[in-house]
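The values are calculated or read from the model by the stated rules, or taken from the named source; none is laboratory data. In this text the structure is predicted, and so the values were computed from the model without any measurement. All Cβ positions, even for glycine, are placed from backbone atoms using ideal geometry, and neighbour counts span all protein chains on display. In case anyone asks, the SASA skips ligands and DNA or RNA and just uses the protein heavy atoms, side chains included. Shrake-Rupley method; radii C 1.70, N 1.55, O 1.52, S 1.80 Å.
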Amino acid sequence: MAGGAIVHSGGGKEYPGNLTVYVFFTCVVAATGGLIFGYDLGISGGVTQMNSFLEKFFPDVFQKKIRDTSNNKYCTFDSQLLTTFTSSLYLAALIASFFASTVTRVFGRRWSMLGGGVTFLVGAALNGAAQNVLMLILGRILLGIGVGFANQSVPVYLSEMAPARLRGMLNIGFQLMITLGILCANLINYGTGKIKGRWGWRVSLALAAVPAAIVTIGALFLPDTPNSLIERGHSEQAKKMLRRIRGTDDILDEYNDLVVASEESKLVKHPWVNITQRKYRPQLTMAILIPFFQQVTGINVIMFYAPELFKAMGFDDDATLVSAVIIGAVNMVATFVSIFTVDKLGRRKLFMEGGLQMFISQCVIGTLMAITLGTSGERHIPKIYAGFLVLFVCIYVMGFAWSWGPLGWLVPSEIFPLEIRSAGQSINVSVNMFFTFVIAQAFLTMLCHFKFGIFYFFSGWVVIMTAFIAVFLPETKNVPIEEMVLVWKGHWFWSRFISDADIHVGTNVEMGKPNSEF
Ligand code: BGC
C-alpha cells in the first residue's frame, strides 16, 4: 500500500529519486521507436509523386497523371489506387497493434519494440529491392506491422520508465523522433528526387532500414519496465530496476504501489472484455476520442499533401519541396516547446493553447485561399499572399507540434491502469491509424468538393476537441501512473463511473478535491 502517500488532484504524490542518466538514455533509445513511423509518414507522399516510381509500378496512373492538364488548383490529380497503396501501411498497423497488445503484456514492452524494428527492417529491404507491385505491397504491410508494434509499446514503455514528474518530457521524446523521422524523410526525398537515374525512389524506400536498425539494436539493449517485470512475476528484478532508474535505494513506496497495481492486473484475465466495464469508461473514451481528434486536426493533410498544397498555393515544383522541408523543421523544433513545458504547465493548457492557435491559423488559411483562388481554383495566387499562406501553415504546424501531436501519444499512454494499459494503447493506435487512413484516402476528393472550405471544416473540429478537453480531460501532470484512478475519481464528470471500491491505492491516500484544473 502507498505508505502515507498523499495524492492531490492536478498534482501528484512524489516518490523519492531523481532523473538518472540511465533512465534518460533508456528513454532516448526507446523513443527512437518513433523514427520508423515518422520516416514513413514523410517518405511516402514524395515517392508516390516521383514519375520513375509511378512508371514502374503504376503505369496506368502515370499515364493519367501526365494527361491531366487541368488548371484547377483544388481538383488536382487523384488516384485512389495510389493512396490505397500508401494507406495499406496504416491498415496493417491498425491490425498489428492488437497482436502487439498481447506481446507487450505477456512478454514485456521491449519484445514488441524489437519485433517492430525487425519487421520494419525486412519491409524496408523488400521495398528498396522491389521488382513488382507484390513486393512493394508486401513490404508495405511489413512496415505497417512494424509501426503497429512500435507505436503500441514505445509510449507505454516511456510512461512507465519515467519518474512521474518528468513523464511528459520523456514521453514526448517519441513524438520528437516522429518529427525527426518526417524531416529526414523530406530531406531525403528532396535529394533523391534530383537523382537523374530512375532509381531515386529506391534509395528513399531502402533508407527506411536506417531508423529500423536503430530501433532494433536499441531494443536489444533496453531493460524492461519495473511495472512489466512485476506484472510478469519478476519482483526481485523489478526492485533492482527501480533502484537503478530512480538512483536511490528508497524505492519501497513506489515498488509497493506497483505491486498493488499488479495484483489488480492479475485478476483481469481478459483485458479486451474488461476494458468495456463501467469503471474504465473514462479511459476508454479518451483512448478513442484523443486519437480521433488528433487526426481531425487535419495535420496529415499538411504532412502528406504539403507538395500538392503548395502547388495549389501557386508555388512551382522546387519550392514545393523546400516548403515541405520548412514544415518538417518547424514541426520538429516546435516539439521542444512541449518537452520543456508539459510537466510544468500541464497537458490541458498545451491542448487548449494549441487548439486556439490551430483554429486561428486554419481560418486565416481558408480565408486567404478564398480571396485568392475563389471557388474556381483557377486563379493565380499573388506572391505576397503565398508568403502569408506559408507563414500561417507554419503557425498551424507549430500549434499542433506542441499540443495534439505529442499529447495524442502521451495522454492515452498514461491514463490506463496496468491491467488494461496494453489493450488501451492498442485502441489508441488503431483509432489513430484508421483515421490517418481515412484522411489520406479522402483528402484530395474533399479538397475538390469543399475547396478552401476544407480548412474551415478542420477548424470546426478543432473547436469541438478544444471544448472537449476543457470540459472532460482532467490534468494528469505529475501524477504517478499507477495512481491515475484518483484523477478520474476527482473529476466532476467521470467520478460517477468509479466507485470507492475501485480505488486500491491504499487507505492512507487522501483524495484531493476537484480543483479548477479539473
Ligand atoms: C501523428 C501523425 C502526424 C505527426 C506529425 C503524430 O503525432 O500521429 O499522424 O503525422 O504527429 O508530426
Restricting the first residue to the stretch 187-203 and requiring it to be of a type in the set (S, T, N, Q), which pairs with a second residue that is open to solvent by 40 Å² or more (accessible area, probe 1.4 Å) meet a Cβ separation below 6 Å and a spacing of at least six or different chains? THR192/VAL203
Search the stretch 162-174 for residues that are surrounded by 24 or more Cβ atoms within 10 Å (Cβ to Cβ) and pair each with any residue that is part of a helix (DSSP H, G or I) and acidic (Asp, Glu) when their beta-carbon atoms are under 7 Å apart and the residues are at least 6 apart or on different chains. ARG167/GLU414
Take VAL118 and tell me if it is over 25 Å from GLY46 (Cα atoms) and hydrophobic (A, V, I, L, M, F, W, C). no
Enumerate the pairs (first residue in the stretch 331-343 and assigned to a loop (DSSP other than H, G, I, E, B); second residue anywhere and within 14 Å of the ligand (Cβ to nearest atom) and open to solvent by less than 20 Å² (accessible area, probe 1.4 Å)) with beta-carbon separation below 7 Å, excluding pairs fewer than 6 apart on the same chain, so at least 6 apart or on different chains. VAL342/ILE172; VAL342/LEU350
Cβ-Cβ distance below 7 Å, separation of 6 or more or different chains: which pairs start in the stretch 37-61 with a residue that is over 26 Å from VAL118 (Cα atoms) and end on one that is within 16 Å of the ligand (Cβ to nearest atom) and open to solvent by 10 Å² or more (accessible area, probe 1.4 Å)? GLN49/PRO307
Output the residues belonging to the stretch 369-395 that are open to solvent by 10 Å² or more (accessible area, probe 1.4 Å) and within 16 Å of the ligand (Cβ to nearest atom). CYS394, ILE395
Test MET398 against the stated conditions and say whether it is within 16 Å of the ligand (Cβ to nearest atom) and touching a residue at least 40 places away in the same chain (Cβ under 8 Å). yes
Residue in the stretch 401-429 that is farthest from ALA334 (Cα to Cα), counting only those that are open to solvent by 10 Å² or more (accessible area, probe 1.4 Å) and within 16 Å of the ligand (Cβ to nearest atom): ILE427
Filtered residues of the stretch 467-493 (kept if part of a helix (DSSP H, G or I) and surrounded by 21 or more Cβ atoms within 10 Å (Cβ to Cβ)): ILE469, ILE481, GLU482, GLU483, VAL485, LEU486, VAL487, TRP488, LYS489
Against the condition farther than 30 Å from ARG232 by Cβ, touching a helix residue (DSSP H, G or I) at 6+ places or on another chain (Cβ under 9 Å), among the charged types (D, E, K, R) and open to solvent by 10 Å² or more (accessible area, probe 1.4 Å), how does ARG198 come out, does it pass? yes
Which condition from (1) over 25 Å from LEU407 (Cβ atoms); (2) more than 16 Å from the ligand (Cβ to nearest atom); (3) touching a residue at least 24 places away in the same chain (Cβ under 8 Å) is the one that LYS240 breaks? (3)
Checked ILE454, ILE415 against criteria (touching a residue at least 40 places away in the same chain (Cβ under 8 Å), under 20 Å from MET286 (Cβ atoms) and β-branched (Val, Ile, Thr)); the one match is ILE415
What do you reckon, is GLY191 open to solvent by 10 Å² or more (accessible area, probe 1.4 Å) and assigned to a loop (DSSP other than H, G, I, E, B)? no
Show me the helices (runs of 4 or more DSSP H) found entirely inside the stretch 256-316 where at least 2 residues are in contact (Cβ under 8 Å) with a residue 60 or more places away in the chain, within 16 Å of the ligand (Cβ to nearest atom) and open to solvent by less than 10 Å² (accessible area, probe 1.4 Å). 281-296, 299-312
Considering each of THR192, THR225 in turn, give the residue that is of a type in the set (S, T, N, Q) and under 26 Å from the mean Cα position of the chain (by Cα). THR225
Options SER430, SER495: the member that is modelled with pLDDT of 95 or more and under 24 Å from GLY45 (Cβ atoms): SER430
